[in-house]
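Novice: Handing you a structure now.
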Amino acid sequence: MSNVKRLRQLSLDELRVRGGQSVNSLLERRGWSALVKLPTDRTFWRLLTAKQIEGEFRSADELLGKFRTRNTPNFFAGLSNRKETVRTLRAYWPDAEKQIIDKADRIAEGRFDLLGLRDLSFGDPIDWQLEPVSGKRAPLEHWSRLNYLDADLIGDKKIVWELNRHQYFITLGQAYWLTGDERYAQTFAAHLDGWMDQNPPKLGINWASSLEVAFRSIAWLWALYFFKDSPSLTAATFLRTLKFLYLKARHLETYLSTYFSPNTHLTGEALGLFYLGTLLPEFRAAGRWRDGGRRILLEQMLRQIQPDGVYFEQSSYYHRYTTDFYAHFLILSRLNQKTVPEEVEEKLKLLLDHLMHITRPDGTTPFFGDDDGGRLIILDRRAANDFRATLGTGAALFRRGDYKYVAREPAEETLWLLGPQGLQEFDRLDLREPEQQSRAFAGGGYYVMRDGWTPSANYLVIDCGPHGMANCGHAHADALSFELAARGSTMLVDPGTYTYTGSKERRDWFRGSTAHNTLTVDGQSSSEPAGPFSWNTIAHCEPRTWISRERFDYFEGTHDGYERCAPPVTHSRGVLFLKNDYWVIRDRVNSVGEHAYDQWFHFNAGIECSVRAPEGFASKVRATGDSSVLEIAGFGSQTRWQRKEGLVSKCYGESVAAPLYVFSTTANGNTDLLTFLLPRTKSESLSSVREVEAIGGHAFEVVGESAHDIVMIKTGSRVEMARLASDFEWTWARFADETATIPEELVLIGGQWLELEGKEVLRSGRRINYLVASRVGDQFRIETDDGVLHLQLPIVFEGQELRARG
């Protein structure tokens, strides 16, 4: 019945596409398709254009000779002039040559570093079906019969596929260009021939994913350009390779992921078709491949890239994939005088803008959602969580000084994609700090808070977006989770992904709520997984408030992930960031019953942590990095800190131990948990935080070396403590010291009136969304959503203007 119901939900086009793919795979399994074997030489010549049939190519030797000497189509500029590219690589990166050659030598010896795994061996000669960690070998049967998600049968498919992408051919090619050593070309040719021997058309795991077919095709094309002049690339191997590339192109256009995985699978496959159609114009079908790939990329650009530039699967790693796809598409189109709509450049800039803003002060990028550890093509040696090469290429491509500012240094990837002239363009750019520090990506649901673009800035990004798209296969249960850098040091992180199918337990843990810096209820996850790429329940987030000003940022959002609990629970989180000072987080849980609540804090690997409980103040977790410290002070009823064993995966397949702390309580009815996150350098003095008596809410004093702050958060109609009273949702006041009677600064959010020392100093006839006041002599500079004025206290807010009260 479920299958019948599913069929009824399919559109006519989906039925047509899926039906056609099923028929084609059936024909292949029965041996009735011409695509289950390589074309004969006679058939192959007929696949070429009429001009070549008439006699331009009469042999494989002539075909290879033409490839070696042709001037069009144009490939990426880094491969257009070997001598100049090698000279530039050595000049910019003096250590690159040794590192590339060392890696190429290890590849020639049969040792591979793939994803987060090191020194893997796949046998000698290489067994292209082997997964070496589990020792399992995928059976050589028709690709449509293989359940590659079955780890008991295959092991971790990602490891097998990563080797078979052949992206390490690029490393061999770079080493060959640097040294001229034919041994690297011989290794390439031997691996290529060995792969074609062991992977007959349509048989085995390496034909099971169209995306893998596309990535491997792209890598082969790059390798052919690296090794085109090598005697190790024989005419026979070249001809056989072209036959396989033809079958790969036909496989791609037949088994596009239009309704299977219409995400980066579909766009990656489209890019593969575009590559093949652009760079192999000798084939009759090349124009169809090129135009088909282009059409899909243009269609999916509007669907997969949201108006704010966020990739629609809610994954920063797949966002990077998408950015690279469209960068390659644009560059190849420009090189070959193929016009693209202006929207391509605009969408690519939006993708790059998002990457720029989520980049941490240390240059790395947070992993929200899945990361699979792979790349479109590997052209440099940066860490998996360092996306700045893509930004650097974007800087040169669009002449953007702000991209350069965040990228900081030129990237080897830019050299290979844009040539030496691309690096020169990067160098000529004037550095320009991005116009905005904090930024809301409302469509994607990411809110970035920072107080500068320097390597010592404070930074926080919080997730309040959709869970994902369709089956949300690459989403994590990270509703209202955040990441944080303190004075430039990455402190609180999303632990990553680690695996897809290698371990069900690890897969579920890494994408569950307990593996994110958020709040859980009764030990449950805000969204519940059902298999490696689907979910039983999905939390829906709703952003409520975003205010970003020079002095502060404020975010508030909620989600319904725990409304399935008995009795239901609604979680909302507010974050106030006093720039260059600290954050205050309010977790509000609304329920009529008793529940256990846990706040999770995942620290970066290498951070040293301890719990400290100074007399008279709240207990704190103190986290120490290389040059900075983060103190976390938690407040709530009957709360306690617990240390647990945490894990962080900075690349697929790799995990390391990391500190993990949980702030826990059990409460009946509505409850607030308040958290202060206090960053400082190691040379700065400690700040103390203590809760003070208040009516109608919470009040705290934060005492530092040169300031005495009061923070009040309202729970009733008004909040009142000894010195202040207000009806604002949030009240922050900074005094020079404990005896001062007039504040130096005020930040007020959502209210109408404020009293100081029993005297009314602010009154509004309507609700004020925000007010910032800073003292200059006997006056205050007042900023609200209505504008800026300079006034004396007390003041009245009437209509649309502020005026001093007489």
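The values are calculated or read from the model by the stated rules, or taken from the named source; none is laboratory data. Because the structure is predicted, anything quoted here is derived from the model rather than measured. Methodologically, a virtual Cβ is constructed for each residue, glycine included, from the backbone with ideal geometry; neighbour enumeration extends over all protein chains shown. When the accessible area is computed, the model is the full protein with side chains, heavy atoms only, and any ligands, DNA or RNA have been set aside. Shrake-Rupley method; radii C 1.70, N 1.55, O 1.52, S 1.80 Å.
Novice: Quick one: would you say Leu647 is buried (at least 21 other Cβ atoms within 10 Å of the Cβ), at pLDDT 95 or above and farther than 19 Å from Glu738 by Cα? I'd like the intermediate steps shown before the answer.
Specialist: On the way: buried (at least 21 other Cβ atoms within 10 Å of the Cβ): no; at pLDDT 95 or above: yes; farther than 19 Å from Glu738 by Cα: yes.
In short, no.
Novice: So in the range 510-531, with the set limited to residues that are under 19 Å from the mean Cα position of the chain (by Cα) and not polar (S, T, N, Q), which one is nearest to Val461 (Cα to Cα)?
Specialist: So, considering only residues that are under 19 Å from the mean Cα position of the chain (by Cα) and not polar (S, T, N, Q), the one nearest to Val461 (Cα to Cα) is His516.
Novice: Only residues that are open to solvent by less than 80 Å² (accessible area, probe 1.4 Å), touching a helix residue (DSSP H, G or I) at 6+ places or on another chain (Cβ under 6 Å) and closer than 30 Å to Glu409 by Cα: list them for the range 59-88, please.
Specialist: Asn74, Phe75, Phe76, Ala77, Gly78, Leu79, Glu84, Thr85, Val86, Thr88
Novice: Additional query: What residue, of Gly468, Gly443, Gly473, is part of a loop (DSSP other than H, G, I, E, B), open to solvent by less than 10 Å² (accessible area, probe 1.4 Å) and either within 30 Å of Ala530 (Cα to Cα) or hydroxyl-bearing (Ser, Thr, Tyr) (or both)? It would help to see each step written out before you state the result.
Specialist: Values: Gly468 fails: open to solvent by less than 10 Å² (accessible area, probe 1.4 Å); Gly443 fails: open to solvent by less than 10 Å² (accessible area, probe 1.4 Å).
Gly473 is the lone residue from the list that is part of a loop (DSSP other than H, G, I, E, B), open to solvent by less than 10 Å² (accessible area, probe 1.4 Å) and either within 30 Å of Ala530 (Cα to Cα) or hydroxyl-bearing (Ser, Thr, Tyr) (or both).
Novice: Additional query: Determine which single condition Gly422 fails, assuming it passes every other condition in (1) outside any strand (DSSP E or B); (2) touching a residue at least 60 places away in the same chain (Cβ under 8 Å); (3) surrounded by fewer than 22 Cβ atoms within 10 Å (Cβ to Cβ).
Specialist: The number of the failed condition is (3).
Novice: Taking interchain pairs and intrachain pairs at least six residues apart, which have beta carbon atoms under 7 angstrom, with the first residue in the range 520-545 and crowded, with 17+ Cβ neighbours inside 10 Å and the second hydroxyl-bearing (Ser, Thr, Tyr) and part of a strand (DSSP E or B)?
Specialist: That search, which allows pairs on different chains as well, returns Val521/Tyr597; Ser527/Thr537; Glu528/Thr537.
Novice: Right, another one. Just to be sure, is Val662 touching a residue at least 60 places away in the same chain (Cβ under 8 Å) and within 25 Å of the chain's Cα centre (by Cα)?
Specialist: Spelling it out, it is not the case that Val662 is touching a residue at least 60 places away in the same chain (Cβ under 8 Å) and within 25 Å of the chain's Cα centre (by Cα).
Novice: If you don't mind, another one. Could you count how many residues in the range 210-261 are among the β-branched types (Val, Ile, Thr) and either over 30 Å from Asp181 (Cα atoms) or free of Cβ contacts under 8 Å to residues at least 40 places away in the same chain (or both)?
Specialist: The number of residues fulfilling the criteria is 2.
Novice: So which residues in the range 170-217 are open to solvent by 10 Å² or more (accessible area, probe 1.4 Å), under 21 Å from Thr267 (Cβ atoms) and part of a loop (DSSP other than H, G, I, E, B)?
Specialist: Ala208
Novice: Can you name the residue in the range 151-162 that is touching a residue at least 40 places away in the same chain (Cβ under 8 Å) and not hydrophobic (A, V, I, L, M, F, W, C) and, of all such residues, is nearest to Thr85 (Cα to Cα)?
Specialist: That would be Glu162.
Novice: Determine whether the range 220-241 contains at least one residue that is open to solvent by 10 Å² or more (accessible area, probe 1.4 Å), out of contact with any His (no Cβ under 9 Å at 6 or more places or on another chain), among the basic types (Lys, Arg) and in a loop (DSSP other than H, G, I, E, B).
Specialist: Within the range 220-241 (the criterion being open to solvent by 10 Å² or more (accessible area, probe 1.4 Å), out of contact with any His (no Cβ under 9 Å at 6 or more places or on another chain), among the basic types (Lys, Arg) and in a loop (DSSP other than H, G, I, E, B)), the answer is yes, since at least one residue qualifies.
Novice: Let me spell it out: the conditions are (1) of a type outside the set (Val, Ile, Thr); (2) in contact (Cβ under 8 Å) with a residue 60 or more places away in the chain; (3) open to solvent by less than 20 Å² (accessible area, probe 1.4 Å), and Gly401 meets all of them except one. Which number is the exception?
Specialist: (2)
Novice: Would you pick out the residues in the range 573-590 that are surrounded by fewer than 19 Cβ atoms within 10 Å (Cβ to Cβ) and assigned to a strand (DSSP E or B)?
Specialist: Of everything in the range 573-590, just one residue is surrounded by fewer than 19 Cβ atoms within 10 Å (Cβ to Cβ) and assigned to a strand (DSSP E or B), namely Asn590.
Novice: Oh, and also: Given the options Gln129, Gln99, name the one that is open to solvent by 70 Å² or more (accessible area, probe 1.4 Å) and either within 30 Å of Gly19 (Cα to Cα) or at pLDDT 95 or above (or both).
Specialist: One residue alone meets the criteria, Gln99.
Novice: Can you work out which of the residues in the range 591-612 that are surrounded by fewer than 15 Cβ atoms within 10 Å (Cβ to Cβ) and in a strand (DSSP E or B) is modelled with the lowest pLDDT?
Specialist: Applying the filter and picking the extreme gives Arg612.
Novice: With the range 268-370 as the region, which helices (runs of 4 or more DSSP H) entirely inside it contain at least 2 residues that are of a type in the set (Val, Ile, Thr)?
Specialist: Answer list for the range 268-370: 316-335, 342-358.
Novice: Now, a different point. Among Arg145, Arg165, which is the only one that is touching a residue at least 60 places away in the same chain (Cβ under 8 Å), open to solvent by less than 10 Å² (accessible area, probe 1.4 Å) and basic (Lys, Arg)?
Specialist: Exactly one of Arg145, Arg165 is touching a residue at least 60 places away in the same chain (Cβ under 8 Å), open to solvent by less than 10 Å² (accessible area, probe 1.4 Å) and basic (Lys, Arg), namely Arg165.
Novice: If you don't mind, another one. Which numbered condition in (1) free of Cβ contacts under 8 Å to residues at least 12 places away in the same chain; (2) crowded, with 17+ Cβ neighbours inside 10 Å is the only one that Leu115 fails?
Specialist: Going through (1) free of Cβ contacts under 8 Å to residues at least 12 places away in the same chain; (2) crowded, with 17+ Cβ neighbours inside 10 Å one by one, Leu115 breaks only (1).
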